[in-house]
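Reading through the structure tokens given below for one structure.
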Amino acid sequence: MNKRIRKASCILVSAALCAFLCGCWDYRGVNEDTVVFGVAVDKTKKGDYHLSYEILDLINTSKEKGVKTKMIESEGDTIFEAVRSAKKKLANRLYFGNTLAIVINKELAKGEGISDILDCFLRNSECRETTEVVISEGDTAGEILSADGCDSAIISSEVDKIVENDQKETGSARRQQLYQVYNTLTGEGTSLGLPAFSITLNEGKPAAEVAGTAVFKGDKLQGFLTPEDSRYYLFVTNTLKGGVISVSSQESLFDDMSLEITENSTDTSFENKNGVIKLKIKTNTTVELSETKKETELTTGQEIKNIQNAAEKKIKENMIRVIRQTQKKYNGDIFGFGQIIYKKDPKLWNKLRSDWDRMVKDMDIEVSCKVTVSATEMMMS
Amino acid sequence: MENEFLTRRQAICFLIIFVLGSTIVFGVTGELEQDAWIAVIGGVLIALVFSLVYARIMKIYPEKSLFGILEEVFGKILGKVLTVIFTWYAIHLGAAIMRTFTDYVSSTALPTTPPIVIMIVMLAVVLYLAKSGTETFGKWCVAAIMIIIPVFISVTLFSLKGMNFANLLPVFSHGLGKTLSVSYTQFSLPFGEIVLFLAAAGTVRKEDSPYRIYIYSILLVGLIALIVNLRNLAVLGPELVKESYYPSFTTAKIVNIGEFLARIESLISMNFMLAGLTKICFCVIAASMGTASLFNVKKYNVFMAPTTFTIIALSLNLYKNQMQLFEFVKEYQFYVIPFQIILPLIIWIAAEIKSRIKRIDQDKESA
């Protein structure tokens, strides 16, 4: 008898457990989500947020034509309201777990700042902290995402890849992922520099391209650095890992040589002499000669030395120029000089903090550059 | 039930999991920003001092549980009052952990599942584990640590790439006073919670030194907590660690190695689940032991189900929302002073006196 009850209860419990096996409570199938690859944030004339999302176009995607994407647009008083109101015209809910890039309108970044926007994405548990944040230099942010990808069907993925590899390949923008942006915004003695994107024409069609760096003070956009100037911004902040520097040989007036950067390290320190602070920036760059017009014997030491000197001079002059120009024009400290002082001497920083923006403008800066040509690639001359 | 013992290894494993139960998910060291890890060291040091007190109590009355000790030292009435106090501590701790757990699951994985469902599913496992007896519980601890430690190590190794050690600078910029006060907070949560192990003091054999158990486990878990803290700071930066509810989870979210090894945050959830289960389970065991001794019932097993349900009810009603829970964590350090510091000290001193008197009496009798 007892055995029978035992058997019966076993069966009953197993049957009850089956209820748990059939799925999870919070089940959401892939077919119930619309995956968002990128978000562009704009503002309407009325003052509402206007969001554009790049999603996979399942209607037009086929084996023959490949992956197609399309844009969904929605508006709302706040970012999140806009996100949810997109559901009004969609069968599925938008899913942000795979969002690769957030593009922000420059007027919006200038007027209201980017804190609100980033907060919404950082707070949401669905979004990744590793999303790339970029600023659109054009009129709207949506135009970046509605451009056609050049070698990727998904433009957000292209933006993500461009930003990810830029420091290594071209050296024209500094990659800042969402969580790093937050740290820079709330950190001591530093301002934000985000990658800027603009639309150019490629085969007559619009394509997104890196357009240098967007300079911030606090969470408000101040202006832009050109891609060329951005390289020196990367130099100063020790974030440059590649890119090309063109220099001119001694006799020529124009740049006729390309040096590809293979390695760079920048060491910034400061010196405090009776309250007078002097910044010392030291760069150490290894380059390879990748192109030259001149027919010279590159194996001779003197010629290489000349090239090195020319490159050193160019880097040094440009670094000082970019630092001074940026400080004068935009009033911020995107180079993070204040942070360097804060990290090494927090007591000194506490004294300087209130007056830092003014002080850093007339601060003595000593730049010394060292360039080593490590190879001339496959040719001797 | 009387004869079931934990081995030394099981006891150490248990204590490690017990402390990790809360640290692995949230660190309440926000105020110190990049110096948070110093507070962890401070917390460990304070915990070492108090663990000597706890261990001494165990040493004086070997193979006896806390509630037995209370009655022997303070007599029937006062002993029972103290038993109620410690039982409350166990139940409340269980409820708080339970609530942390459900909030965590709700906000990271199952947003639309009602919290009560998560709680019931979880507590079914807890109850089953508690009912299985001390020996099974001990073995479970060893098995769980075999998962928890490798997961902790692998997440730390994977996140090496994203670490920026400049985040730790400037070192020691918050002054001694603040550092000490946060060190104390670190002691009260999680290290001081090991006082509850006294409830299971009866399961430690006479031959196993309680000092060794306490000190080993505190040093080991202190090391883990230190590494977790340093890792989160180095990956996230002090500002984000300060602001995020679950820094370890966020750290794991950022890990991305070679495009394919990403989204490993579920590993962190798994760790928390294992550690949380064990911790709540022990709170249930301790609370039912207390209740049993309160009513002079030999078998404390019968009180496990009621205790579990009390914990569910309490955890649903203790806090209105997630913010309140984390707000309470700030007051928690004052709330636990009697349980972790004052009462153990009183028990210790009283036990010393009582045991001396007893010995003198015995000497007299034999003479």
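A short reminder: the numbers here are calculations on the coordinates, not readings from a lab. Please read these numbers as outputs of a predicted model, since none were measured by experiment. All Cβ positions, even for glycine, are placed from backbone atoms using ideal geometry, and neighbour counts span all protein chains on display.
Restricting to the range A:333-356, what's the tally of residues that are out of contact with any helix residue (DSSP H, G or I) (no Cβ under 9 Å at 6 or more places or on another chain), among the acidic types (Asp, Glu) and more than 10 Å from chain B (Cβ to nearest Cβ)?
Residues in the range A:333-356 being out of contact with any helix residue (DSSP H, G or I) (no Cβ under 9 Å at 6 or more places or on another chain), among the acidic types (Asp, Glu) and more than 10 Å from chain B (Cβ to nearest Cβ): 1 in total.
Scan B:Lys64, B:Lys59, B:Lys80 and give me the residue that is outside any helix (DSSP H, G or I) and surrounded by fewer than 20 Cβ atoms within 10 Å (Cβ to Cβ).
B:Lys64
Quick one: would you say B:Val182 is under 20 Å from the mean Cα position of the chain (by Cα), within 19 Å of B:Gly42 (Cβ to Cβ) and surrounded by 24 or more Cβ atoms within 10 Å (Cβ to Cβ)?
yes
Might you let me know whether the range A:268-276 holds any residue that is part of a strand (DSSP E or B), among the aromatic types (Phe, Trp, Tyr) and more than 26 Å from the chain's Cα centre (by Cα)?
Yes; the residues of the range A:268-276 include at least one that is part of a strand (DSSP E or B), among the aromatic types (Phe, Trp, Tyr) and more than 26 Å from the chain's Cα centre (by Cα).
Return the residues of the range A:363-375 that are farther than 30 Å from A:Ile277 by Cβ and either crowded, with 17+ Cβ neighbours inside 10 Å or among the charged types (D, E, K, R) (or both); say none if nothing qualifies.
The one that is farther than 30 Å from A:Ile277 by Cβ and either crowded, with 17+ Cβ neighbours inside 10 Å or among the charged types (D, E, K, R) (or both): A:Val373.
Could you count how many residues in the range B:252-263 are at the interface with another protein chain (Cβ under 10 Å from one of its Cβ atoms) and small (Gly, Ala, Ser)?
Total satisfying the criteria: 1.
Please verify whether B:Ser132 is more than 14 Å from chain A (Cβ to nearest Cβ) and among the polar types (S, T, N, Q), treating the condition exactly as stated.
Criteria met by B:Ser132.
Hey, which of the helices (runs of 4 or more DSSP H) in the range A:325-381, taking only ones fully inside, have at least 2 residues that are among the aromatic types (Phe, Trp, Tyr) and within 28 Å of the chain's Cα centre (by Cα)?
A:337-344
Return the residues of the range A:120-148 that are under 17 Å from the mean Cα position of the chain (by Cα), within 14 Å of chain B (Cβ to nearest Cβ) and either over 20 Å from B:Thr250 (Cβ atoms) or in a helix (DSSP H, G or I) (or both); say none if nothing qualifies.
Within the range A:120-148, A:Phe121, A:Leu122 qualify.
For the range A:159-183: of the residues being assigned to a helix (DSSP H, G or I) and touching an Asp or Glu at 6+ places or on another chain (Cβ under 6 Å), which is nearest to the other protein chains (Cβ to nearest Cβ)?
Only one residue fits best here, namely A:Asn183.
Answer yes or no: is there a residue in the range B:209-222 that is more than 14 Å from chain A (Cβ to nearest Cβ), among the charged types (D, E, K, R), out of contact with any strand residue (DSSP E or B) (no Cβ under 8 Å at 6 or more places or on another chain) and farther than 21 Å from B:Gly42 by Cβ.
yes
Within the range A:5-54, which residues are of a type outside the set (Gly, Ala, Ser), closer than 30 Å to A:Phe197 by Cβ and free of Cβ contacts under 8 Å to residues at least 12 places away in the same chain?
The answer is A:Val30, A:Lys45, A:Lys46.
Which ones in the range B:67-77 are surrounded by fewer than 16 Cβ atoms within 10 Å (Cβ to Cβ) and hydrophobic (A, V, I, L, M, F, W, C)?
Once the filter is applied, which keeps residues that are surrounded by fewer than 16 Cβ atoms within 10 Å (Cβ to Cβ) and hydrophobic (A, V, I, L, M, F, W, C), the range B:67-77 yields only B:Ile77.
Among the residues of the range B:226-251, write down those that are more than 23 Å from the chain's Cα centre (by Cα), part of a helix (DSSP H, G or I) and either more than 9 Å from every other protein chain (Cβ to nearest Cβ) or buried (at least 22 other Cβ atoms within 10 Å of the Cβ) (or both).
Listed by number, the residues that qualify are B:Ala234, B:Val235, B:Leu236, B:Pro238, B:Leu240.
Return the only residue of B:Ala144, B:Ala124 being under 24 Å from B:Ala292 (Cα atoms) and either among the basic types (Lys, Arg) or part of a helix (DSSP H, G or I) (or both).
Of B:Ala144, B:Ala124, the one residue that is under 24 Å from B:Ala292 (Cα atoms) and either among the basic types (Lys, Arg) or part of a helix (DSSP H, G or I) (or both) is B:Ala124.
So A:Ser156 clears everything in (1) within 14 Å of chain B (Cβ to nearest Cβ); (2) in contact with a strand residue (DSSP E or B) (Cβ under 8 Å, 6 or more places away or on another chain); (3) among the small types (Gly, Ala, Ser) except one condition, right? Which one?
(1)
Checking A:Val236 against (1) within 14 Å of chain B (Cβ to nearest Cβ); (2) in contact (Cβ under 8 Å) with a residue 12 or more places away in the chain; (3) more than 21 Å from A:Ile72 (Cα to Cα), which single condition isn't satisfied?
(1)
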